[in-house]
1. Could you tell me how many of the residues in segment 94-108 are open to solvent by 70 Å² or more (accessible area, probe 1.4 Å) and either closer than 22 Å to HIS196 by Cα or in a loop (DSSP other than H, G, I, E, B) (or both)?
2. How about segment 269-301: which of its residues are open to solvent by less than 70 Å² (accessible area, probe 1.4 Å) and either assigned to a loop (DSSP other than H, G, I, E, B) or more than 24 Å from GLU324 (Cα to Cα) (or both)?
3. Identify all residues within segment 323-338 that are open to solvent by less than 40 Å² (accessible area, probe 1.4 Å) and in contact (Cβ under 8 Å) with a residue 60 or more places away in the chain; write none if there are none.
4. Name the one entry in LEU186, LEU205 that is touching a strand residue (DSSP E or B) at 6+ places or on another chain (Cβ under 6 Å), outside any loop (DSSP other than H, G, I, E, B) and modelled with pLDDT of 95 or more.
5. From ASP141, ASP103, grab the single residue that is of a type outside the set (A, V, I, L, M) and at positive phi.
6. Output the residue which, of all residues in segment 272-317 that are touching a Phe, Trp or Tyr at 6+ places or on another chain (Cβ under 6 Å) and without any contact (Cβ under 8 Å) to a residue 40 or more places away in the chain, is nearest to SER333 (Cα to Cα).
7. What are the residue pairs meeting all of these: first residue in segment 427-439, first residue more than 21 Å from PHE285 (Cα to Cα) and in contact (Cβ under 8 Å) with a residue 12 or more places away in the chain, second residue of a type in the set (Phe, Trp, Tyr) and surrounded by 11 or more Cβ atoms within 10 Å (Cβ to Cβ), Cβ atoms under 7 Å, and 6 or more apart or on different chains?
8. Taking into account only those residues within segment 334-391 that are of a type in the set (Asp, Glu) and at pLDDT 90 or above, which is farthest from ARG249 (Cα to Cα)?
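The values are calculated or read from the model by the stated rules, or taken from the named source; none is laboratory data. Remember, predicted model here, so these are calculated numbers, not experimental data. Counting neighbours? That spans all protein chains shown, and the Cβs are built from the backbone with ideal geometry, glycine included. Keep in mind that these areas ignore ligands, DNA and RNA; they rest on the heavy atoms of the full protein, side chains included. Shrake-Rupley method; radii C 1.70, N 1.55, O 1.52, S 1.80 Å.
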Amino acid sequence: MEADRCAPGSPPPIASSCLPPGGGQAAAPTEPPTWPPDPDRPVPAELLEFDDDEDLEVFSKDASLTEINSFSPLMPTSPSSMINQYKFDDEPELKDLFITVDDPESHITALETFITYRVVTKTMRGEFDSSEYEVRRRYQDFLWLKGRLEEAHPTLIVPPLPEKFIMKGVVERFNEEFIETRKKALHKFLNRIADHPTLTFNEDLKIFLTAQAWELSSHKKQGPGLLSRMGQTVKAVASSMRGVPVKNRPEAFTEMMDHVEVFSQKINLLDKISHRVYREERDYFCELKEFGPIHTLWSASEVDLADTLKGVASCIDKCCKATEKQMAGLSESLFPTLHEYVLYSEILTGVLKRRDHIQAELDSKVDALYNKKAENDLLSEEIGKLEDKVECANNALKADWDRWKESMRLDMKLAFGDVAENNIHYYEQCLATWESFLTSQTDICLEEPEDRH
């Protein structure tokens, strides 16, 4: 299921065209609403209606945000900030960056075979030279973008990318199902970045969206050299494997680590069980496909039971189709959501470790201050800078953590709500099918005595 669907009866998504529900009925406005609204002025009832057309999180697009780094306390990242989540119906659309990933295309060269995807961008931002761009990107380009975002914003939660190979293995990575799954995941990856109040203004994202292939390749070469990148990767992996000792970790981040550990266990278990349920439904579906035709063949040799047997076969066929549709709902809606948050659990662990690494660096300098009296001035200056860095890192992570948890709750409610709706429709359809069959058999039984008279 795409995140923009909302099951009936489930909470409406945080949308670009939604307002939080107000209390009480207000009179119709006599003048156009203004922005920002007067806090003392009641909100008109007409503006309190929800619009379910789109599920778009909206954030401030103030041009000055492009100059604020990810640690800035001025960045409006809190999910409780009204302007980050809502807009008035009469106000213009605040979202100003729209990205679509589609049209996968296979490329075969003498050295390799790979898939590229069309990335179409439409924007109203002044820092872009045009309002629309169309480029083609391969998976390693997306991987480069994710790495650059994590490097520029180490304590922000960068959305996950789909794995390079998803269980199917290298041999099947060019089949249509794999390519379609990856296309949807890449589309969600870019749109989550576009909706993020900080990542959306990253310069590397702009280059990714606008530069032609040769320009992007040239830009990549301007970064650290191959050996330097390998060294950084090895260092990062080693650090993540052994962990970073932190003396004075704030309690809030210890609670985050505990929460992520439990979340990781539960989401991985849900992902595993949901696939097991799918496999059992698939086996049931295969049995149904063989079960129906047997009744049809039997009806040919039983004249008196022919109509009844054919009716049973028809019911089984309808239930078989309903089961197939239910399976498709699981694979298209529940599975992508669960798997994305399995990957998120790994990303959250990495973000918390990077925060710990920043604080560990501060702790080591503080220890050195007490052991090296001759360099007090230099160490004091470094400690002051690191203290600011830690504070900014903490503020950035806290704000992004709250935003991520709100997004996770919404996605889970939508996913499980959609599963519930599909299950209800499935069982209602099967129930109606068999009830119709029973009614027809009852009518036949009532007609037979009359024929005998």
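1. Total satisfying the criteria: 1.
2. Matches in segment 269-301: SER299 only.
3. Those that are open to solvent by less than 40 Å² (accessible area, probe 1.4 Å) and in contact (Cβ under 8 Å) with a residue 60 or more places away in the chain: THR323, GLN326, GLY329, LEU330, SER333, LEU334, PHE335, THR337, LEU338.
4. LEU186
5. After applying the criteria, what remains is ASP103.
6. That would be ILE316.
7. Cβ pairs passing all conditions: none.
8. GLU340
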